[in-house]
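To start, the structure under review is shown below, and the notes come after it.
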Amino acid sequence: MMISRFIRIAAGCLFLAPLAQAQPPLRIAAASDLQSVLPALTARFERETHRTVDISFGSSGNFFAQLQNGAPFDLFFSADVNYPRQLESSRLTVPGTLVEYARGRIVLWSRNDANLDLSRGLAILAEPRVRRIAIANPDHAPYGRAAVAALQHVQLYDRVRRKFVLGENISQAAQFVQSGNADAGLIALSLALAPAMRSTGHYVDIPESYHPPIEQAAVVLSGSRQPDVARQFLTFLQRPESEQTLTDAGFTPPARPR
């Protein structure tokens, strides 16, 4: 009797295992400026829905190129709204799912032990003692393009461009300056507010008028295996408490109505 019961239980377990595996994780390709906030949001979503979420962080431009070639993601969170728009134009997204969720902000950051007077703003970067300046690669990182535009706005770009240390994305640029491999950096406010950065350095805001707005958007991809869950996540993202989490993390609410 005990052996018979064990066989029935074991058989039940074998039968249930494929059901448990039938729901793959929601796969998100996300701009690296979201590294300090998106994990907390997805953890909340997982608790509410009992669905798992896998996040890959990187530069928006690199993800855009990968998605054009069929990279297997359900959602794309871009730091530049134009990348999702281009995917939408190429019919690589689920129609009607593009959502502008925030605007990013850039700041000038340096380690406390660099002893730089950041109250002088971007002008400090022209000083000889500032030998290396970390920015994200402007070829594929929206924050890098914003940094270049800000330096051009104050007519410093040509004077300091030879000092650039280019990060593959804004997170790597922040790592360069945090580790001391750069003397100062133009990084995302969301990263500057992260505990590790706040404990080792300080920052000043770069006026948003110095550069085009960093309009950020998310979209469900046409290759998604679970578009309904992806839509659910976008709805979750637009709830007041989720928007407040983004605001607290250093993002500005989007200017355009959604």
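The values are calculated or read from the model by the stated rules, or taken from the named source; none is laboratory data. Because the structure is predicted, anything quoted here is derived from the model rather than measured. Cβ placement follows ideal geometry from the backbone for every residue including glycine, while neighbour counts extend to all protein chains displayed.
Identification of strands (runs of 3 or more DSSP E) wholly contained in the range 154-258 with 3 or more residues that are more than 19 Å from the chain's Cα centre (by Cα) yields 201-205.
Table: residues versus (1) acidic (Asp, Glu); (2) farther than 18 Å from residue 173 by Cβ; (3) part of a loop (DSSP other than H, G, I, E, B); (4) without any contact (Cβ under 8 Å) to a residue 60 or more places away in the chain.
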{"position": "85", "(1), (2), (3), (4)": "no, yes, no, no"}
{"position": "103", "(1), (2), (3), (4)": "no, yes, no, no"}
{"position": "110", "(1), (2), (3), (4)": "no, no, no, no"}
{"position": "116", "(1), (2), (3), (4)": "no, no, yes, no"}
{"position": "124", "(1), (2), (3), (4)": "no, no, no, no"}
{"position": "130", "(1), (2), (3), (4)": "no, no, yes, yes"}
{"position": "135", "(1), (2), (3), (4)": "no, no, no, yes"}
{"position": "138", "(1), (2), (3), (4)": "no, no, yes, yes"}
{"position": "151", "(1), (2), (3), (4)": "no, no, no, yes"}
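Restricting attention to the range 23-33, the residues being buried (at least 23 other Cβ atoms within 10 Å of the Cβ) and either closer than 11 Å to residue 169 by Cβ or more than 11 Å from the chain's Cα centre (by Cα) (or both) number 5. Output yes when any residue across the range 89-96 is surrounded by fewer than 20 Cβ atoms within 10 Å (Cβ to Cβ) and of a type in the set (Ser, Thr, Tyr), and no when none is. Yes, that holds for at least one residue.
Would you mind stating whether residue 235 is farther than 24 Å from residue 121 by Cβ, free of Cβ contacts under 8 Å to residues at least 60 places away in the same chain and hydroxyl-bearing (Ser, Thr, Tyr)? The answer is yes for residue 235. Of the residues making up the range 60-104, just one is closer than 20 Å to residue 188 by Cβ and of a type in the set (Lys, Arg), namely 103. Scan the range 227-258 for residues that are farther than 22 Å from residue 36 by Cβ and either modelled with pLDDT under 95 or touching a Cys at 6+ places or on another chain (Cβ under 8 Å) (or both) and the total you get is 4.
Looking at 63, 73, 77, just one residue is assigned to a helix (DSSP H, G or I), crowded, with 20+ Cβ neighbours inside 10 Å and touching a strand residue (DSSP E or B) at 6+ places or on another chain (Cβ under 7 Å), and that residue is 63.
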